[in-house]
Each structure stands twice: as structure tokens, then as C-alpha cells.
1. As an exercise: evaluate A:ALA93 against (1) touching a helix residue (DSSP H, G or I) at 6+ places or on another chain (Cβ under 6 Å); (2) closer than 30 Å to A:VAL212 by Cα; (3) not polar (S, T, N, Q) and give the number of the one condition it does not meet.
2. If the requirement is being within 30 Å of A:ARG119 (Cβ to Cβ), of a type in the set (Asp, Glu), surrounded by 13 or more Cβ atoms within 10 Å (Cβ to Cβ) and more than 7 Å from every other protein chain (Cβ to nearest Cβ), which of these qualifies: A:ASP206, A:ASP156, A:ASP195?
3. Give just the number: which of (1) free of Cβ contacts under 8 Å to residues at least 12 places away in the same chain; (2) more than 7 Å from chain B (Cβ to nearest Cβ); (3) of a type outside the set (Asp, Glu) does A:VAL162 not satisfy?
4. Checking A:GLU73 against (1) in contact (Cβ under 8 Å) with a residue 60 or more places away in the chain; (2) under 30 Å from A:THR209 (Cβ atoms), only one condition comes out false. Which one?
5. With B:ARG186, B:ARG101 as the choices, which residue is of a type outside the set (Asp, Glu) and in contact with a helix residue (DSSP H, G or I) (Cβ under 9 Å, 6 or more places away or on another chain)?
6. Going by what's in this entry, would A:VAL88 be described as in a strand (DSSP E or B), over 23 Å from A:LEU31 (Cβ atoms), touching a Ser or Thr at 6+ places or on another chain (Cβ under 7 Å) and at pLDDT 95 or above?
7. Identify, by number, the condition in (1) touching a residue at least 40 places away in the same chain (Cβ under 8 Å); (2) touching a helix residue (DSSP H, G or I) at 6+ places or on another chain (Cβ under 6 Å); (3) surrounded by 16 or more Cβ atoms within 10 Å (Cβ to Cβ); (4) small (Gly, Ala, Ser) that B:GLY132 doesn't meet.
8. With segment A:28-83 as the region, which strands (runs of 3 or more DSSP E) entirely inside it contain at least 3 residues that are buried (at least 16 other Cβ atoms within 10 Å of the Cβ), more than 11 Å from every other protein chain (Cβ to nearest Cβ) and at pLDDT below 90?
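The values are calculated or read from the model by the stated rules, or taken from the named source; none is laboratory data. No experiment lies behind these values; they were computed from the predicted model shown. Here the Cβ positions follow ideal geometry from the backbone for every residue, glycine too, while neighbour counts run over all protein chains shown.
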There are 2 protein chains.
Amino acid sequence: MGEKQRTRVRRVPKRAVYEREVIEAILDEALVSHVGTIDEGGYPVVIPTLHARVGEWLYIHGSAASRTLREAERAEICLTATLLDGLVLARSAFHHSVNYRSVVVFGRAERIEASKDKRGALQAFTEKLVPGRWGDARLPSEQELRGTAVLRVRLDEASAKVRTGGPVEEEADYELPVWAGTIGLRIAAGPPEPDDRLLPGVERPDYVTNLVHARA
Amino acid sequence: MGEKQRTRVRRVPKRAVYEREVIEAILDEALVSHVGTIDEGGYPVVIPTLHARVGEWLYIHGSAASRTLREAERAEICLTATLLDGLVLARSAFHHSVNYRSVVVFGRAERIEASKDKRGALQAFTEKLVPGRWGDARLPSEQELRGTAVLRVRLDEASAKVRTGGPVEEEADYELPVWAGTIGLRIAAGPPEPDDRLLPGVERPDYVTNLVHARA
């Protein structure tokens with residue numbers, strides 16, 4: 001199978017999206033993605049990870065001792081990020097569904113070696129988790145950078161799949177007296193809980209309060 | 001690599017959990033999981049899917065024409081479900097993290113053929129999305145069951161990984177005047193939106209209202 005070929009969405013192609021800005025927006029909104037590799041025994045392995053996009057590059061990172069990252073470096077990987085947007089209740093059990101936005105990225109992962117580049121990646125991860133955080137936190141030491149493996153994949157082979165809207169039924173089922181509709185889902189943030197060992201007098205930064213408000 | 005061997009969590013083994021009830025609770029709470037297969041070209045492919053657990057079996061389903069399900073039937077798969085529970089803000093950029101609960105299941109998928117068994121699986125999927133829904137919806141026809149592929153994997157090789165609590169810092173960093181703590185995350189439900197073609201007089205069932213309240 002050709003390398004571009006596999007990026008074509010085959011099931012329900014009407015849900016496929018190949019526009020770069022849609023793909024990037026989904027990757028940027030999703031905090032967690034799932035990376036598929038093939039282990040030494042030839043079996044697929046799927047591990048959850050954080051990812052961060054910088055331009056046309058998608059970064060993942062972990063301990064320098066991580067088995068998954070070592071396997072990811074040897075071969076092609078598949079990284080998939082999914083946002084669950086809602087439950088879709090159809091009149092028929094068969095047509096129940098979910099609204100979602102997902103991106104599948106294929107590519108060969110390359111390891112980042114230079115401290116400067118690793119630091120840039122860690123900045124992207126930190127700012128993605130909590131925008132505004134990088135300037136406040138103690139920056140990584142050379143030793144911490146050495147202990148971190150950072151891989152990147154170019155967003156060459158990526159596709160999105162998006163389902164929106166209400167249920168799609170068999171025409172006859174629209175006459176059934178069964179409630180049907182959608183229930184939106186989103187990730188909400190709870191109140192910030194300060195660390196037990198927070199120094200007295202350290203106030204909660206605005207970017208933490210803003211993050212919680214944005215997800216209230 | 002032995003089949004049981006791969007289920008052992010290698011990175012940060014203190015976060016590993018092998019108790020069956022923990023594994024089942026995570027699988028039951030997660031609506032979406034990610035299934036890893038190997039495609040015809042030998043590359044890993046990761047696709048988001050809904051899953052439902054019935055006892056020691058984990059079910060996935062899709063169109064009978066689904067490429068992923070066909071590939072899943074040929075070989076061993078890996079199914080991973082992840083719940084994102086919070087953001088962990090450390091004083092050091094390096095120790096930023098997330099709280100999460102994830103399960104990784106390895107196994108050979110087998111196809112369900114009998115209509116009765118397929119119907120049971122669809123019941124599990126429907127009840128998982130919206131508890132109480134199966135008794136209200138129009139039940140699947142024989143034709144719909146034929147058009148649905150259902151696979152199951154036995155929960156023999158499964159492990160969980162769980163991170164909870166606040167940041168873990170280098171000892172010296174606890175003296176830094178930097179705010180640190182956690183921000184809990186959860187999936188929240190919005191107000192139910194009735195379908196445009198809902199028949200007049202059809203009221204919203206209590207199980208829909210209850211689901212939204214439970215996720216308010």
C-alpha cells in the first residue's frame with residue numbers, strides 16, 4: 001500500500017477532512033493522543049501520550065528510557081487524537097452514534113538531539129498544557145534535557161474525520177414516538193488545588209484562573 | 001517477547017495497576033478507546049472506536065465493510081482507553097504532568113457471528129452510551145445486524161496505569177516562589193438538543209435528564 005494511499009479515509013468518506021487548518025485545530029485542542037508502534041514481537045502497541053504541534057511538526061516526548069519512544073524511533077508510527085463532542089441518540093438503536101473530531105497522522109519519527117531544540121519542544125508542551133506557564137516555571141536543566149527523549153513527525157500524511165449534527169435515521173423511523181437528539185460533551189476544569197507545600201504568599205497566577213474559567 | 005511479558009508496565013512501574021476491578025472500572029468509564037492494528041503494508045494504524053465490556057469480554061464494532069475491523073480480525077490487536085483526570089503544575093517545567101487512568105489490552109480479536117450475540121453486543125454499546133436507552137429505541141433488524149461487524153477480545157492481557165496527586169519536584173524546587181498544584185478535568189454534558197424532526201408531544205426521557213445531571 002502506498003504511503004499516501006493509507007491516509008485516505010475509507011469508511012464513511014463524507015466525514016473525511018484533509019484541510020490542514022482543520023487537522024491542526026484538532027491536534028491543538030486535543031491534549032492526549034494515542035501512538036501506535038510495533039513491538040519487538042511484531043505486535044501493535046498503543047500508548048497514550050501528550051503531543052504538541054509546532055508549525056508542520058508534531059512532537060511527542062517521554063523518558064529517554066521509554067520503550068515506546070525507542071520503538072517509535074525505529075519505524076513508522078501512527079498518532080491518533082480524538083475529541084469526543086457529543087452523544088447522538090437515534091430513534092433506532094442501530095443508528096446511535098457519537099459526534100467527534102479525530103486526526104490520524106502517519107509518519108517516521110525522528111529524534112531531536114540538540115538541547116536548544118529539546119528545550120523548544122518542552123516549551124511547546126508546557127504552554128500547551130497551561131498557556132502562559134513557561135515564563136513562570138523553573139526552566140529545564142541540561143541534565144533534565146538529557147533525560148528526555150523528544151521525537152517529531154512531520155505532518156505530511158494526516159487526515160481528519162469529523163461527525164457533527166443529529167441522528168440520521170431510516171426514513172420510516174422518523175415516525176416513531178421516540179425521543180431523539182444530541183447531548184454535547186466537553187472537557188471541563190474544576191477549581192485549582194494548590195500544592196500542599198506551596199510557599200506562603202504565592203498567589204495563583206491569572207493564567208490558571210483563566211484556564212479554569214475558559215473550561216467552566 | 002512472551003505474551004504475558006508485554007503486559008508488564010515498564011516505565012514508572014509504581015503507576016502500574018493489575019487489579020481486575022480497576023481495569024474494568026476504567027474501561028467502563030471511558031467511552032472512546034483507540035485500537036491498534038497492523039495494516040497490509042506492515043505499518044501500525046490507530047483508530048478511535050467505541051467499546052463495551054460484558055464480563056471478561058471487551059467488544060468493538062463497526063461496519064461490516066470496515067478495514068480496521070477486517071485487519072483486527074486477522075491478528076493480535078492492542079486496545080487502549082485513557083481518562084484524562086487533571087493537569088499537574090509543577091514549579092519546574094520538566095515535572096509538569098497530567099493525572100490520568102489508562103488501560104492497555106492485548107489480545108486476538110474474534111468475530112461474533114450469531115445474531116443473538118450481535119444483538120447482545122449492540123445492547124451493551126447502546127446502554128453504555130446512554131443507560132436506559134435500549135428499552136426505548138427501535139431494536140436492530142436482521143439486516144442491520146448483518147451489516148454490523150462485532151469483534152471481541154478476552155480481558156486476559158490487560159494492565160492499567162494511573163497517576164494521581166500533585167506535582168513531584170526536585171527537593172530544591174519546593175523553595176521556589178512559583179504557584180504549583182492541580183486542576184481537575186472531567187467530561188461535562190451540555191443541555192440535550194432535541195432532533196429537528198422529533199414528533200410533537202414526545203417528551204425527553206428521565207434517563208437523558210439524569211445523564212446530563214450526572215455530568216453537570
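1. (2)
2. A:ASP156
3. If we test A:VAL162 against (1) free of Cβ contacts under 8 Å to residues at least 12 places away in the same chain; (2) more than 7 Å from chain B (Cβ to nearest Cβ); (3) of a type outside the set (Asp, Glu), just (1) comes out false.
4. Among (1) in contact (Cβ under 8 Å) with a residue 60 or more places away in the chain; (2) under 30 Å from A:THR209 (Cβ atoms), the lone unmet condition for A:GLU73 is (2).
5. Answer to the check: B:ARG101.
6. So A:VAL88 passes the test.
7. Unmet condition: (3).
8. Because the criterion is at least 3 residues that are buried (at least 16 other Cβ atoms within 10 Å of the Cβ), more than 11 Å from every other protein chain (Cβ to nearest Cβ) and at pLDDT below 90, no strands (runs of 3 or more DSSP E) in segment A:28-83 meet it.
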